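Here's the structure we're looking at; comments come further down.
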Amino acid sequence: MSVTLEAILYCGAAALATFGLTKLAVGILPRIGLVSAPDPNHPEPVPLGGGIALWLVVGGAVMTLGGTGHDVSSVGVIFLGATVLFLAGVWDDVRLLQPGTKLLIQLGAASAMVIAGVTFPLGSGLGWVAIPLTVLWFVGVCNAFNLMDNMDGMLPGVVAVAATFVGLFGAATGRPEAALVSWIVAAACAGFLPFNLPPARIFLGDSGSMFLGFMLAGLAIGESWRGLTNLAFTILAPTLLLAVPIFNTTFVTVTRKLSGVPLSRGKADHINYRLLAHGLSRGRALVAVYVFSAIAGTLGLLVLTLAPLAYAIGASLFLIVLMYLGAFLYQGRVQEYYDEFDVERRDDAGGSPWHRWVIRIVAMAGDVVLVVAGLYLAFYLRFDGNIPESQLINIGRVLPYLIPLRVGIALVLGIYETRWHFGVARDAMRLMAAVVLGSALFTMVLFLLRPPSFPRGVMIIEGVLALMFFGITRLGVRALGEVTLLDRWSREGKRTLIAGSAEGMLTVYRSLRGRSDRSYHVIGFVDDDPRAHRSLIGGVRVLGPVTRLAGVARLYGAEHVILTVPDGSEETIRRLTRTCKTLDLTVEVANLDIISAEEWLDLRQGRPSRARSQAQAQAQAG
């Protein structure tokens, strides 16, 4: 039997077996009381023990492989260690284990892996590093997967994707049994996933999350990786293969510290909930995390094909993407989820300036990597992918000058103080000025240094790449925010038309998008300029002129209208309001005038404004 056919048969059987066992568990577990406590997303108890089905299927597959002549000694050891975590998880699901006890069990299982020879292949001279690193890896990944199990459909989908790439890596490095077991784990999670998608009919529980985390931690490092002799790549590749749970754990650890949330609490601040706060639906948030996991897995596989320096550049750029993604996700307002899950916060957490400094330091560190990547890529393009040894020396010679120039000028011009998710044309021009000035000063430095045979074309290519990299990382934050906002608005709120002048409509539209209130779904503008029909203003279509408000509202099924009249013409507002009332539309008026604080307070308290009272008095006196 061919290896491909064997893998297909095992994976198909694993998926079907898990599906059947999970369906059985959904009916049995509530009868024996193994259910979760109700929470805001699940008012009714949900069966808690889906990990039992996964453990049975994976264990059965490992035994079957061993009985059919496969060498399962290494994967069998990993499965036994994972079984210890599975049993601890079952006990935790039933009786609750203290965190300290759970950690001791994880340390014991990880130490057993080291004794059994499952360690990072760092060579005999670095065995003293491999031992603590392996223990830390098993414990860290196990807890990372446990933390990832925080929303319906999240962990099984992430594991299915990650295990697929771990299997591909195992196959490419000559470990067919590890590859086959990894694919079986992926197939089992795929069979479980339909029962765990929102709204979940069964949870994995700690038994499932810790079992899966320990299994993939062991399968990712394996016995040895042929061709991987570099320490950094030996560690980097498995980290990329399991990047999503690791990134999520790092993200929540840092952001909870910044937000004043206890490290052991939270739940509402994981990357998937941050995506919800930015406007994605639960389904699209799940898909986004799955895709992210696939991208990380693909980059993990590239270690086998790329040159070390090129791979280091690619991995560094991916790290930059992670840092900027973390900064973007941190802007998501998860206060409503904190309240929903009754998460306590320090009273002074909101006033701490540390989060701003952390974001700036992350941005500066990211730019250092971007400068290095940009210079290397400039040489790579200049020499058609074959950089001479003498030019590699030039790269190391000029980098100590180029890095402080790029980062220092950006710091002086306020690039790191700019909130790029509100970025405007003026901010983009300042960013361009920083790059151009940096290129000019870099040219002067090269003139003074006179590095031997330094190609002039590299200076131009590096400048273009610097502008592209700096621009994408900054303006990409705003673009990502726009996409998530569009997704949210496409699903929620009353179908709303905004009517008035272009400036007024755009101001109201932007104001609505910045609110946590999701009660408005803006379907288009109705402009007071008839010539603007079918044009786009701020990405929103002008559906017709104000004079045809009634026809536009009927045609597009509007439910609500917001009137924006900058000059405050009462007659215009009355006429448009009567038009809306005849169609049973609700109407609001956005007052775009600037008024004194006293007038605003009078209006808030229900009293006539002083300016209007004075005008009425003057009219009566006249």
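Taking each residue of the range 270-294 that is farther than 14 Å from Asp149 by Cα and of a type in the set (Lys, Arg) and looking for partners that are open to solvent by less than 10 Å² (accessible area, probe 1.4 Å) and assigned to a helix (DSSP H, G or I) with beta-carbon atoms closer than 6 Å, six or more apart or interchain, yields Arg274/Leu329.
Out of the range 521-534, which residues are open to solvent by 40 Å² or more (accessible area, probe 1.4 Å) and within 18 Å of Val508 (Cβ to Cβ)? Residues satisfying the conditions are Asp528, Asp529. Only one of the numbered conditions (1) in contact with a helix residue (DSSP H, G or I) (Cβ under 6 Å, 6 or more places away or on another chain); (2) farther than 23 Å from Ala315 by Cβ; (3) part of a helix (DSSP H, G or I) is not met by Pro451, and that is (3). In the range 229-248, is there at least one residue being touching a His at 6+ places or on another chain (Cβ under 6 Å), at pLDDT below 85 and in a helix (DSSP H, G or I)? No - not one qualifying residue is present in the range 229-248. None of Leu103, Leu65, Leu54, Leu80 is surrounded by fewer than 24 Cβ atoms within 10 Å (Cβ to Cβ) and modelled with pLDDT of 95 or more except Leu80. Residue under question is Arg175, and the condition is that it be under 18 Å from Phe19 (Cα atoms) and either modelled with pLDDT under 90 or open to solvent by 50 Å² or more (accessible area, probe 1.4 Å) (or both); does it hold? No: the conditions fail for Arg175. Would you confirm, using the coordinates I've provided, whether Leu193 is of a type outside the set (Asp, Glu), part of a helix (DSSP H, G or I) and surrounded by fewer than 24 Cβ atoms within 10 Å (Cβ to Cβ)? When the stated conditions are applied, Leu193 passes them.
Condition check for Ala37 on (1) hydrophobic (A, V, I, L, M, F, W, C); (2) assigned to a helix (DSSP H, G or I); (3) within 21 Å of Asp149 (Cβ to Cβ): one failure, at (2). When we screen Val398, Val407, Val436, Val445 for residues that are β-branched (Val, Ile, Thr) and either open to solvent by 80 Å² or more (accessible area, probe 1.4 Å) or in a loop (DSSP other than H, G, I, E, B) (or both), the only hit is Val436.
Taking residues in the range 154-180 that are farther than 22 Å from Asn196 by Cα, and partners anywhere that are outside any helix (DSSP H, G or I) and aliphatic (A, V, I, L, M), the pairs with Cβ atoms closer than 8 Å and at least 6 places apart or on different chains are Val166/Leu242; Thr173/Leu228; Glu177/Val72.
Those residues that are of a type outside the set (Lys, Arg) and exposed (fewer than 13 other Cβ atoms within 10 Å of the Cβ), I need them from the range 29-51; list them, please. Residues satisfying the conditions are Ile32, Gly33, Ala37, Pro38, Pro40, Pro43, Glu44.
Each row is one residue, and each column tells you yes or no for (1) open to solvent by 30 Å² or more (accessible area, probe 1.4 Å); (2) at pLDDT 90 or above; (3) within 16 Å of Gly500 (Cα to Cα).
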position: Leu512; (1), (2), (3): no, no, yes
position: Arg515; (1), (2), (3): yes, no, no
position: Arg518; (1), (2), (3): yes, no, no
position: Gly538; (1), (2), (3): yes, no, yes
position: Val542; (1), (2), (3): no, yes, yes
position: Thr564; (1), (2), (3): no, no, yes
position: Ser569; (1), (2), (3): yes, no, yes
position: Thr572; (1), (2), (3): yes, no, yes
position: Thr579; (1), (2), (3): yes, no, yes
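In the condition set (1) open to solvent by 20 Å² or more (accessible area, probe 1.4 Å); (2) touching a Gly at 6+ places or on another chain (Cβ under 6 Å); (3) not small (Gly, Ala, Ser), Met113 is compliant with all but (1). The condition of being under 19 Å from Thr473 (Cα atoms), loosely packed, with under 14 Cβ neighbours inside 10 Å and modelled with pLDDT under 95 holds for only one of Arg430, Arg419, Arg450, that being Arg419.
Quick one: count up the residues across the range 121-179 that are in a helix (DSSP H, G or I) and among the acidic types (Asp, Glu).
Matching residues across the range 121-179 total 1.
The values are calculated or read from the model by the stated rules, or taken from the named source; none is laboratory data. The structure displayed is predicted, hence computed values, not measured ones. Note that we place each Cβ from the backbone using ideal geometry, even for glycine, and neighbour counts take in every protein chain shown. Calculation scope for accessible area: heavy atoms of the full protein, side chains included, ligands and nucleic acids excluded. Shrake-Rupley method; radii C 1.70, N 1.55, O 1.52, S 1.80 Å.
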